[in-house]
1. Out of all the residues in the range B:144-155, which are surrounded by fewer than 20 Cβ atoms within 10 Å (Cβ to Cβ) and within 11 Å of another protein chain (Cβ to nearest Cβ)?
2. Examine the range A:3-12 for a residue that is within 11 Å of chain B (Cβ to nearest Cβ), out of contact with any strand residue (DSSP E or B) (no Cβ under 6 Å at 6 or more places or on another chain), modelled with pLDDT under 80 and surrounded by 12 or more Cβ atoms within 10 Å (Cβ to Cβ), and state whether such a residue exists.
3. Output yes when any residue across the range B:25-37 is facing another protein chain (nearest Cβ under 9 Å), closer than 23 Å to residue B:135 by Cβ, modelled with pLDDT of 90 or more and under 15 Å from the mean Cα position of the chain (by Cα), and no when none is.
4. Return yes or no: is residue A:148 at pLDDT 90 or above, buried (at least 16 other Cβ atoms within 10 Å of the Cβ) and either within 14 Å of chain B (Cβ to nearest Cβ) or in contact with a strand residue (DSSP E or B) (Cβ under 9 Å, 6 or more places away or on another chain) (or both)?
5. All but one of (1) more than 13 Å from the chain's Cα centre (by Cα); (2) in a strand (DSSP E or B) hold for residue A:111; which doesn't?
6. Can residue A:79 be described as crowded, with 20+ Cβ neighbours inside 10 Å and either in contact with a helix residue (DSSP H, G or I) (Cβ under 9 Å, 6 or more places away or on another chain) or modelled with pLDDT of 60 or more (or both)?
7. Name the residue, out of A:112, A:117, A:123, that is out of contact with any strand residue (DSSP E or B) (no Cβ under 6 Å at 6 or more places or on another chain) and either closer than 30 Å to residue B:33 by Cβ or more than 14 Å from chain B (Cβ to nearest Cβ) (or both).
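The values are calculated or read from the model by the stated rules, or taken from the named source; none is laboratory data. Note that the coordinates shown come from a computational prediction; the quantities given were computed from them, not determined experimentally. When we count neighbours, we look across all protein chains shown, and the Cβ atoms used for this are built from the backbone with ideal geometry, even at glycine.
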């Protein structure tokens with residue numbers, strides 16, 4: 001093979017590639033998340049409560065407790081999937097708890113907790129309103145590498161330890177504590193999602 | 001980071017996303033690893049944007065992508081401290097068996113490239129696909145220009161040998 005032949009084969013068989021669909025958007029999202037990252041965050045009381053909740057629950061189990069619960073799980077997943085469509089992820093885009101939390105003022109009749117305990121591993125990227133369970137709820141958006149995590153939260157009495165379920169490759173984790181009901185959903189693997197919840 | 005800086009960074013860096021992905025894809029040999037490496041490289045580039053002093057932005061981005069892929073690979077090897085030894089990988093040093101194994105029924109240049117040690121692969125991709133100068137490549141792989149040229153020529157020779165052996 002002459003050097004020219006080798007050149008020709010290299011040219012033909014080692015093409016320059018195009019970045020896959022969506023990579024540009026993911027990179028931009030990650031850049032924005034990083035650029036707007038808050039300097040310091042603190043959410044110790046809630047984090048502590050969540051850790052206790054996780055510890056107390058001891059075992060993780062798939063709940064099939066009630067049809068209402070199953071229906072809610074479907075709604076959570078549907079909202080998550082809808083949020084992933086272009087332009088649906090946030091109404092307010094910021095990594096700063098102090099921007100996201102006040103944004104809900106006057107839009108819902110409660111002021112949701114907006115924790116941001118692990119800005120390096122699970123940066124907060126924004127929030128939006130969503131509709132679920134017959135009411136308007138707060139949706140907080142976090143990120144883990146390329147994975148979007150939605151946290152739905154609304155006021156709900158009672159307390160319930162952490163449970164999880166899996167649906168079509170998506171993981172959902174929910175619990176009630178401190179007057180709030182939380183639903184966390186993502187395509188992130190279960191272990192990392194549990195880690196995220198433990199740090200919330 | 002200020003919004004203007006972010007916008008300026010995106011304007012300089014994002015046009016090279018395809019080139020970044022191409023390099024990462026050939027270096028990691030895996031689409032998901034390439035995806036991750038590109039994303040991490042762009043985050044790193046933004047972090048060090050303050051120290052970017054002009055020059056060809058493509059070469060700058062590719063240098064960061066290459067380092068990201070390299071540390072990914074080294075982490076994968078559980079940080080086995082192994083320095084690439086150009087002497088060890090000279091053609092005289094490569095045993096006939098190893099070359100035969102490499103060339104086992106591989107007849108496309110693409111497959112042959114994937115079998116090359118990373119140090120050969122990266123100079124070939126940077127030169128043949130990305131069209132960078134020897135000097136730019138030397139800066140990126142942190143090796144003297146003579147080493148770059150010799151890796152390039154030996155890498156090409158290996159490609160050729162593997163492709164030929166596959167066809168035979």
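1. If we filter the range B:144-155 for residues that are surrounded by fewer than 20 Cβ atoms within 10 Å (Cβ to Cβ), which is where we start, we get B:144-147, B:149-150, B:152-154.
Once the filter is applied, which keeps residues that are surrounded by fewer than 20 Cβ atoms within 10 Å (Cβ to Cβ) and within 11 Å of another protein chain (Cβ to nearest Cβ), the range B:144-155 yields only B:153.
2. Here is the first cut: in the range A:3-12, the ones within 11 Å of chain B (Cβ to nearest Cβ) are A:3, A:5-12.
This time we only want the ones that are out of contact with any strand residue (DSSP E or B) (no Cβ under 6 Å at 6 or more places or on another chain), so: A:3, A:5-12.
From what's left, modelled with pLDDT under 80: none.
Taking every residue of the range A:3-12 in turn, none turns out to be within 11 Å of chain B (Cβ to nearest Cβ), out of contact with any strand residue (DSSP E or B) (no Cβ under 6 Å at 6 or more places or on another chain), modelled with pLDDT under 80 and surrounded by 12 or more Cβ atoms within 10 Å (Cβ to Cβ).
3. Within the range B:25-37, one or more residues are facing another protein chain (nearest Cβ under 9 Å), closer than 23 Å to residue B:135 by Cβ, modelled with pLDDT of 90 or more and under 15 Å from the mean Cα position of the chain (by Cα).
4. Details: at pLDDT 90 or above: yes; buried (at least 16 other Cβ atoms within 10 Å of the Cβ): yes; either within 14 Å of chain B (Cβ to nearest Cβ) or in contact with a strand residue (DSSP E or B) (Cβ under 9 Å, 6 or more places away or on another chain) (or both): yes.
Taking the combined requirement at face value, the residue satisfies it.
5. (2)
6. On the way: crowded, with 20+ Cβ neighbours inside 10 Å: yes; either in contact with a helix residue (DSSP H, G or I) (Cβ under 9 Å, 6 or more places away or on another chain) or modelled with pLDDT of 60 or more (or both): yes.
Yes; evaluated as a whole, the condition is true for this residue.
7. Working: A:112 fails: out of contact with any strand residue (DSSP E or B) (no Cβ under 6 Å at 6 or more places or on another chain); A:123 fails: out of contact with any strand residue (DSSP E or B) (no Cβ under 6 Å at 6 or more places or on another chain).
Within the list A:112, A:117, A:123, the selection yields A:117.
For (1) away from chain A (no Cβ under 11 Å); (2) farther than 21 Å from residue A:94 by Cα, each residue gets a yes or a no:
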{"site": "B:6", "(1), (2)": "no, no"}
{"site": "B:19", "(1), (2)": "no, yes"}
{"site": "B:40", "(1), (2)": "no, no"}
{"site": "B:51", "(1), (2)": "yes, yes"}
{"site": "B:63", "(1), (2)": "yes, yes"}
